[in-house]
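Engineer: Starting off with a structure, shown below.
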Amino acid sequence: MLSKISTTNSWVPIRKEPASQSEIVSTLLFGETAEVLEQTEEWLKVRMDYDSYSGWLGKEYVFDFDGNLDFRICRSKQARFQGKFGSIAIPAGGEIRSDEITISKETYSIIDNADASVEIKPEMIGGNAIYHFLNAPYLWGGRSIHGIDCSGLVQVCMKMAGHSFPRDASQQIVEGIPISFGEHQINDLAFFQKNDKITHVGIMLNNDQIIHASGRVRIDKLTPEGIFNSEIQKITHHFHAIKRIQL
């Protein structure tokens, strides 16, 4: 019986049910760990250590983890582990515990070609969203450049800022202090509703621009009514509240 797992894949889908056709509810990033709650012949039900989110993932994606719990968070666009025959990309928000890893008896060493001219501090969550994720495709349950959803974008940028943060927008709105519209500033989180339910979240870049994941990670205008998409000339998400998180 496995007790704790991790992955050397760039990311692994976490599904609602133990089936390949089941919806993706979240993502385990490179190096993140999770506690095993149940297992079948092919599937593991896990609870992520970072945010306590639970779901099912395939056994073939992960390994039994009994290693170093200390880690550094990946904040580079170019970080990867390079081996003799290939490389493994480390996504923003991934967890790096060693400068070398071994997979099938092959050693991979870390390479980090960070752009030294780009000076984005971890606490600049809006800046990190632009630098790491702008134009990334939308994927329900996604948390990486390969596919990300609105709350995943916020959560990973908060992780890079050194904060534990809930997974879903309906959980994230509980965090922070309320801010009146018009008094918001960069890094504030704006929440949106549909049928009285919180369904969307984005990060303020200035007084009237917001970065969020909708179709892709994009920058739009925030109005008192909600997000205005200039491409289709309409409000796409209806405003609910703004919260400020102490960074």
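Engineer: Would you call Gln172 closer than 16 Å to Cys150 by Cα, among the polar types (S, T, N, Q), surrounded by 17 or more Cβ atoms within 10 Å (Cβ to Cβ) and touching a Phe, Trp or Tyr at 6+ places or on another chain (Cβ under 7 Å)? Step through it out loud before you land on a result.
Structural biologist: On the way: closer than 16 Å to Cys150 by Cα: yes; among the polar types (S, T, N, Q): yes; surrounded by 17 or more Cβ atoms within 10 Å (Cβ to Cβ): yes; touching a Phe, Trp or Tyr at 6+ places or on another chain (Cβ under 7 Å): yes.
So Gln172 passes the test.
Engineer: For the range 199-216, which positions are farther than 14 Å from Thr236 by Cα and either among the acidic types (Asp, Glu) or assigned to a loop (DSSP other than H, G, I, E, B) (or both)?
Structural biologist: Within the range 199-216, Leu205, Asn206, Asn207, Asp208 qualify.
Engineer: What is the residue count in the range 164-198 for residues that are among the basic types (Lys, Arg) and assigned to a loop (DSSP other than H, G, I, E, B)? Even if it seems obvious, please write down each step before you answer.
Structural biologist: Pass one, the range 164-198, residues among the basic types (Lys, Arg): 167, 194, 197.
With assigned to a loop (DSSP other than H, G, I, E, B) added as a condition, the list becomes 167.
So the answer is 1.
Engineer: Give the residue that is nearest to Gly142 (Cα to Cα), with candidates limited to residues of the range 1-16 that are charged (D, E, K, R) and in a strand (DSSP E or B). Before you say what the answer is, go through the steps one by one.
Structural biologist: Of the range 1-16, the ones charged (D, E, K, R) are 4, 15-16.
Remaining after also requiring in a strand (DSSP E or B): 4, 15.
Values: Lys4: 22, Arg15: 11 Å.
Residue satisfying both the conditions and the ranking: Arg15.
Engineer: Kindly evaluate Asp149 against the criterion of being of a type in the set (D, E, K, R) and within 11 Å of the chain's Cα centre (by Cα). Give the steps one after another, and end with the answer.
Structural biologist: Working: of a type in the set (D, E, K, R): yes; within 11 Å of the chain's Cα centre (by Cα): yes.
The answer is yes for Asp149.
Engineer: Surrounded by 11 or more Cβ atoms within 10 Å (Cβ to Cβ), free of Cβ contacts under 8 Å to residues at least 24 places away in the same chain, in contact with a strand residue (DSSP E or B) (Cβ under 7 Å, 6 or more places away or on another chain) and over 19 Å from Tyr131 (Cβ atoms): does that describe Thr236?
Structural biologist: On the way: surrounded by 11 or more Cβ atoms within 10 Å (Cβ to Cβ): yes; free of Cβ contacts under 8 Å to residues at least 24 places away in the same chain: yes; in contact with a strand residue (DSSP E or B) (Cβ under 7 Å, 6 or more places away or on another chain): yes; over 19 Å from Tyr131 (Cβ atoms): yes.
Taking the combined requirement at face value, the residue satisfies it.
Engineer: OK, next. So in the range 83-104, with the set limited to residues that are polar (S, T, N, Q) and exposed (fewer than 13 other Cβ atoms within 10 Å of the Cβ), which one is nearest to the chain's Cα centre (by Cα)?
Structural biologist: So in the range 83-104, the residues polar (S, T, N, Q) come out as 87, 98, 102, 104.
Remaining after also requiring exposed (fewer than 13 other Cβ atoms within 10 Å of the Cβ): 87, 102, 104.
Numbers: Ser87: 22, Thr102: 26, Ser104: 28 Å.
So the residue we want is Ser87.
Engineer: Against the definition (of a type in the set (Phe, Trp, Tyr) and more than 29 Å from Ser170 (Cα to Cα)), how does Phe30 come out, yes or no? First the steps, then the outcome.
Structural biologist: Details: of a type in the set (Phe, Trp, Tyr): yes; more than 29 Å from Ser170 (Cα to Cα): no.
No; evaluated as a whole, the condition is false for this residue.
Engineer: Which pairs turn up if I take residues in the range 11-34 that are aromatic (Phe, Trp, Tyr) and look for partners that are part of a strand (DSSP E or B) and surrounded by 22 or more Cβ atoms within 10 Å (Cβ to Cβ) with beta carbon separation below 8 Å, at least 6 apart in sequence or on another chain?
Structural biologist: Every condition considered, the pairs that remain are Trp11/Thr27; Trp11/Leu28; Trp11/Leu29; Trp11/Arg143; Trp11/Ser144; Phe30/Trp11.
Engineer: Restrict the check to the range 76-92 and report whether at least one residue is under 30 Å from Arg244 (Cα atoms), of a type in the set (Gly, Ala, Ser), part of a loop (DSSP other than H, G, I, E, B) and touching a residue at least 60 places away in the same chain (Cβ under 8 Å).
Structural biologist: Step one: list which residues in the range 76-92 are under 30 Å from Arg244 (Cα atoms), which gives 76-77, 90-92.
Imposing the further condition that a residue be of a type in the set (Gly, Ala, Ser) reduces the set to 76, 92.
Filter once more, so that each one left must be part of a loop (DSSP other than H, G, I, E, B): 76, 92.
Imposing the further condition that a residue be touching a residue at least 60 places away in the same chain (Cβ under 8 Å) reduces the set to 92.
Taking every residue of the range 76-92 in turn, at least one turns out to be under 30 Å from Arg244 (Cα atoms), of a type in the set (Gly, Ala, Ser), part of a loop (DSSP other than H, G, I, E, B) and touching a residue at least 60 places away in the same chain (Cβ under 8 Å).
Engineer: Just for the range 197-218: of the residues that are in contact with a Leu (Cβ under 9 Å, 6 or more places away or on another chain) and closer than 14 Å to Tyr138 by Cβ, which one is surrounded by the fewest Cβ atoms within 10 Å (Cβ to Cβ)?
Structural biologist: By that ranking, first place goes to Arg216.
Since every read-out is calculated from the coordinates, none of them should be taken as a lab result. This one's a predicted model, so the numbers in the text were calculated from it and none came from an experiment. Ideal geometry is used to build each Cβ from the backbone, glycine not excepted, and the neighbour counts take in all protein chains shown.
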